[in-house]
Amino acid sequence: MKHYLVSAEKVLEEVGSTQGGLTAEEAASRLEKFGANKLDEPPKPTLAARFLEQFKNPMILVLIAAAVISAITGIISEGKLDADVFIILFVVIANAVLGVYQENKAESAIEALQAMSAANSKVYRSGELTVIHSSELVPGDVITLEAGDNVPADCRILECAALKAEESALTGESVPSDKDSAVLSGEEVPLGDRKNMLYMGSSIAYGRAEAVVVATGMQTEMGKIAGAIADADDDETPLQKNLDQLSKILSIAVLCICVFILGINVIQMLVRDGVITLPGFLESFMISVSLAVAAIPEGLAAVVTVVLSIGVTNMSKRGAVIRRLTAVEALGCAQVICSDKTGTLTQNKMTVVQEISADQEMLAKAMALCCDAVLNPDESVTGEPTEAALVVYANKCGLKKYDLEAETPRIAEAPFDSLRKMMSTLHQTENGIIQYTKGAPDEVLRRCCYMLEGGKVRSLTENDRKQILRQNKEMADQALRVLLAAYREYPALPADCSPESLEQELIYIGMTGMIDPVRPEVKDAIGLCRTAGIRPVMITGDHRDTAVAIAKELGILGEGQKALTGAELSKIPDEEFAETVEQYSVYARVQPEHKVRIVNAWRKKGMTTAMTGDGVNDAPSIKSADIGVGMGITGTDVTKNVADMVLTDDNFATIVGAVEEGRRIYDNIRKAIQFLLSSNLSEVLCILMATLAIGGGRSIFSPVHLLWINLVSDCFPAVGLGMEAAEDGVMKRKPRSSGSHIFSDGLGINLLWQGFVIASLTLASYMIGHRTSPETGTTMAFLTLSVCEMLHAWNMRSLTGSVFRMHHSNRFLLGSVLVSLALTIPLVFIPALRKIFSLVSLSGMQVLYAVLLAAAIVPIVETVKAIRRRCGAIK
């Protein structure tokens with residue numbers, strides 16, 4: 001049953017209850033049938049399960065296999081475990097621990113939803129009012145609510161007085177909703193327009209009510225949101241997809257190369273010896289293990305994590321707290337930003353922006369005194385947002401409410417109700433009693449017979465009425481919330497203070513128009529979005545006129561783009577909406593399921609979508625989006641807990657700044673990946689070519705050499721690359737597609753030829769040293785490869801431009817290269833360390849050859865980039 005479309009009596013009949021509530025016995029029976037009035041908790045993975053999840057990466061599995069094989073061969077050939085085994089296992093476990101630490105965010109959205117529910121409720125049981133825990137409420141219970149109470153379940157109002165409910169967490173409306181018990185008409189009434197309903201998660205802002213519970217627990221609107229949160233999948237970010245794809249490609253390539261090398265060595269053994277010996281086979285097997293270690297960039301996961309973590313720190317300084325690490329990079333490819341209006345695009349502070357009156361002081365005084373908002377000594381205001389705006393307005397006019405109340409104290413009132421649409425207060429003055437009335441312009445004006453003009457009172461003519469109504473319409477057309485103020489004077493307090501008696505023969509003072517104004521910096525941020533190829537979309541629970549006015553002011557509603565209400569969206573099939581979603585830039589009066597549909601429609605178009613919001617109603621769509629953005633100030637705990645990023649200043653402009661940082665980070669991760677993979681490729685080519693050229697089952701490097709190069713010579717400079725400043729024009733290019741490959745834009749070609757060059761230089765060094773001995777060749781190759789990769793990191797500061805023409809320095813990269821150098825050089829020159837790494841002493845000339853060959857990588861890469869720039873292959 002749609003309880004808002006039938007009378008209160010019919011609702012009571014449908015839920016099997018009466019005005020006096022349920023009996024204790026019936027309530028107990030229903031509690032057993034419907035269950036407790038609380039939200040379901042989803043199962044959470046254990047720490048062990050999250051730890052084991054880290055080992056599903058194909059590259060990690062290959063490394064584990066390499067460690068196992070190394071252990072077996074070490075025990076068989078030497079009766080002990082090699083150091084390689086412990087180093088590989090350390091790398092694997094360290095990566096897993098780091099992954100668990102970064103991903104261990106508590107999925108506490110449901111707990112936060114539960115915390116929003118009222119702890120206790122006042123309920124009628126067997127005709128008597130009693131207090132019970134809210135979890136014991138059942139459909140059919142009749143409850144009472146007053147200002148300040150949280151609504152414990154979904155309820156149909158039976159009767160109420162001057163009732164207003166704060167529903168912004170559910171509807172997105174910036175001001176409390178007026179409520180009454182009247183039956184509504186129509187088929188589908190949006191949640192924000194259901195004036196006779198109260199929902200779990202909202203609160204009573206004003207007045208009192210009696211209501212019957214119609215839904216509890218997971219059957220409430222809040223429960224549906226909780227279910228949507230639980231059902232929403234945490235999709236991988238573009239970077240995660242790219243790294244997973246890279247892992248699979250590398251793993252397959254590693255296995256193929258290992259089998260190929262093992263096959264070549266076995267064939268060479270058969271040709272040379274005529275038989276396959278166990279020692280020879282084990283040595284060939286270890287060469288394959290070396291290849292596996294060489295091909296896998298062990299430090300890649302750690303480097304990406306560190307670079308992202310640094311990005312997180314940078315973003316936190318700009319007002320964006322990242323809860324999901326990979327969201328840092330995902331922001332860089334955001335193509336659509338769906339933003340809530342209230343508090344994100346606007347200031348979430350109703351403000352008087354227009355006034356019409358012949359006497360501003362009288363208007364401000366009337367508005368301030370005829371409301372219940374309070375001006376505190378620190379000049380902050382406590383109260384309902386609309387009334388708070390009036391008190392602030394009076395304060396700006398130099399009229400402090402506490403001074404006004406001291407001079408003219410309130411002695412009687414006719415409270416606001418939704419039928420009259422006005423309220424009146426009576427105040428004691430030196431000359432008698434003055435009454436102030438404020439409310440909806442058309443309703444209050446009807447009760448006016450006079451108007452204040454030039455300090456004098458005169459009769460209100462028909463032309464005056466038409467002009468006032470025209471002025472009201474002009475303000476309303478600007479999406480302003482308009483209130484009209486009037487007054488009346490008495491020599492003494494009237495005997496009859498009923499609204500009917502008081503609210504007649506009033507004297508018109510003037511009108512105020514208020515709105516939640518846009519944040520001043522947001523318009524420029526929207527313009528920057530357009531420049532960066534990002535489509536801004538407004539989604540709000542407010543009315544269409546208000547949403548369109550704000551969207552036009554900010555430049556969100558462009559030429560040929562439309563606004564759509566939630567009711568209209570409900571009538572559009574998913575398939576049709578997926579085709580037409582690009583036509584709409586503004587959505588008004590939407591419900592939670594609409595927001596999810598909007599996000600999913602954009603994602604079906606292949607667009608990387610960010611969704612911002614602060615209310616409970618935003619949580620499902622925030623979790624469904626590629627990047628969920630919660631509000632730190634006005635946001636509910638529910639929204640913060642499902643968000644990937646939380647804005648500490650609730651500012652849309654901060655999102656745009658985060659997008660810029662995300663693009664910088666992705667560029668730097670690409671540089672690090674090209675650097676690491678070209679280095680790993682060079683190692684594979686060294687082993688492959690040396691094995692084919694030298695034969696004899698020998699490898700140019702052992703696993704411990706390769707692990708050192710991968711973890712020390714490569715990792716530190718790669719992190720330094722991650723600190724590179726943003727390139728010029730980073731926010732003037734279109735966002736990359738979420739489906740773009742990690743090897744796109746020439747990265748794959750670059751790492752192939754650069755890997756080949758590094759391998760050639762290393763092999764040249766090996767061949768020079770090999771004239772003395774194989775061990776000398778290995779030592780020279782180790783020195784050349786280590787230094788070459790450190791210097792190659794400088795080439796990677798720009799993938800297209802000359803590093804000698806860059807306008808900024810990177811002291812982090814310089815420091816990381818010096819650290820790598822300081823750790824590597826002792827291995828070649830200190831005897832004890834040389835022994836551990838199976839290296840030998842080099843002469844001065846051999847060191848010079850090795851270093852000169854390593855340094856050749858810089859002019860070679862610079863020359864190729866210059867040629868490609870001249871040919872127009874790169875910009």
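A few remarks follow.
- Solvent exposure of the chain as accessible area per residue, Å², 1.4 Å probe: 41 Å²
- Packing-based ranking of 766-772, 19-25 yields 766-772, 19-25, ordered from highest to lowest mean Cβ neighbour count within 10 Å.
- Lys, Arg +1 and Asp, Glu -1 on Cβ, resulting dipole of region 559-621 about Cα centre, debye, nearest 20: 80 debye
- Listed residue (Tyr4, Ile742, Ile687) projecting farthest to the positive dipole end of the chain, Cβ model: Ile687
- Note on the chain: with charges restricted to the Cβ of Lys and Arg (+1) and Asp and Glu (-1), its dipole about the Cα centre is near 4000 debye.
- For the chain, the fraction of C-alpha pairs farther apart than 36 angstrom is 60 percent.
- Contour excess over end-to-end distance, with Cα ends at Glu775 and Ile75 and 0.36 nm allotted per residue: 249.6 nm
- Virtual spin-label span in nm between Glu559 and Ala28, 7 Å along Cα→Cβ: 7.3 nm
- Region 506-522 versus region 781-820: alpha-carbon centroid distance in Å: 59 Å
- Among residues other than Glu579 with Cβ under 12 Å from its Cβ, the summed charge is -2 (Lys and Arg +1, Asp and Glu -1).
- Under 18 Å from the Cα of Lys473 - lysines, other chains or at least 8 residues apart: Lys421, Lys438
- All-pairs Cα distance distribution in region 592-691, expressed in whole percent, bin size 10 Å: 15, 32, 23, 13, 11, 6, 1
- Positive-pole candidate from Ala412, Leu399, Thr386, dipole of region 385-436, charges at beta carbon: Thr386
- Theoretical ellipticity at 222 nm over the chain - DSSP helices of four or more residues, -39500 (n - 2.57) apiece, nearest 500: -15500 deg cm²/dmol
- FRET E, pair Val100, Leu469, Förster distance 60 Å, beta-carbon r, rounded to 0.05: 0.35
- Region 756-827 shape via C-alpha gyration tensor axes, a/c threshold 1.5: oblate
- Shape class of region 545-657 from the Cα gyration tensor (axes a ≥ b ≥ c, square roots of the eigenvalues): prolate, since a/c reaches 1.5 or more and a/b is larger than b/c.
- Scoring 749-759, 458-468, 385-395 by mean Cβ neighbours within 10 Å over their residues and listing the highest first yields 385-395, 749-759, 458-468.
- Extension gain for Val374 to Glu582 (0.36 nm times residue separation, less C-alpha to C-alpha distance): 70.3 nm.
- Relative contact order of the chain, pairs being alpha-carbon contacts under 8 Å that are 6 or more residues apart, as %: 13 percent
- Under 13 Å of direct C-alpha separation, and excluding same-chain neighbours fewer than eight residues apart, Lys241 reaches these aspartates and glutamates: Glu329, Asp626.
- With each label modelled as a point 7 angstrom along the Cα→C-beta vector, the Thr130-Asp745 pair spans 6.8 nm.
- Packing, as the average of other Cβ atoms within 10 Å across residues, places the peptides 241-253, 831-843 in the order 241-253, 831-843, highest first.
- Remark: relative contact order (region 167-221) = 35 percent; criterion is Cα-Cα distance under 8 angstrom and separation of 6 or more residues.
- Which listed pairs, of Lys640/Lys671; Lys56/Lys623; Lys552/Lys604; Lys164/Lys552; Lys341/Lys365; Lys341/Lys640, have C-alpha distances above 22 Å, in listed order: Lys640/Lys671; Lys56/Lys623; Lys552/Lys604; Lys164/Lys552; Lys341/Lys365
- Surrounding net charge for Ser380, when Lys and Arg each add one and Asp and Glu each subtract one, Cβ distance under 13 Å: +1
- Cβ-based net charge around Gly140, under 9 Å, with every Lys or Arg adding one and every Asp or Glu removing one: -1
- FRET efficiency for the Ser737 to Ile633 pair, using the beta carbon distance and R₀ = 35 Å, is estimated at 0.55.
- Prolate/oblate/rounded call for region 627-769, Cα gyration tensor, a/c under 1.5 rounded: prolate
- The chain - percent of accessible surface contributed by carbon and sulfur, probe 1.4 Å: 58 percent
- Accessible area, probe 1.4 Å, largest first, for residues Trp794, Trp602: Trp794, Trp602
- Modelled FRET efficiency - R0 60 Å, Asp574 with Lys835, Cβ distances, 0.05 increments: 0.30
- A simple spin-label model places pseudo-atoms 7 Å from Cα toward Cβ; at Leu493 and Met767 they are separated by 10.9 nm.
- Reducing region 388-422 and region 256-273 to their Cα centroids gives an inter-centroid distance of 92 Å.
- All distinct Cα pairs of region 162-211 go into the 1/r average, and the inverse of that average, the Kirkwood radius, is 11.2 Å.
The values are calculated or read from the model by the stated rules, or taken from the named source; none is laboratory data. Just so you know, these numbers come straight off a predicted model, no measurement behind them. Here the Cβ is made from the backbone with ideal geometry for all residues, glycine too, and neighbour counts use every protein chain on show. Please note that ligands, DNA and RNA were not included when accessible areas were found on the heavy atoms of the full protein model with its side chains. Shrake-Rupley method; radii C 1.70, N 1.55, O 1.52, S 1.80 Å.
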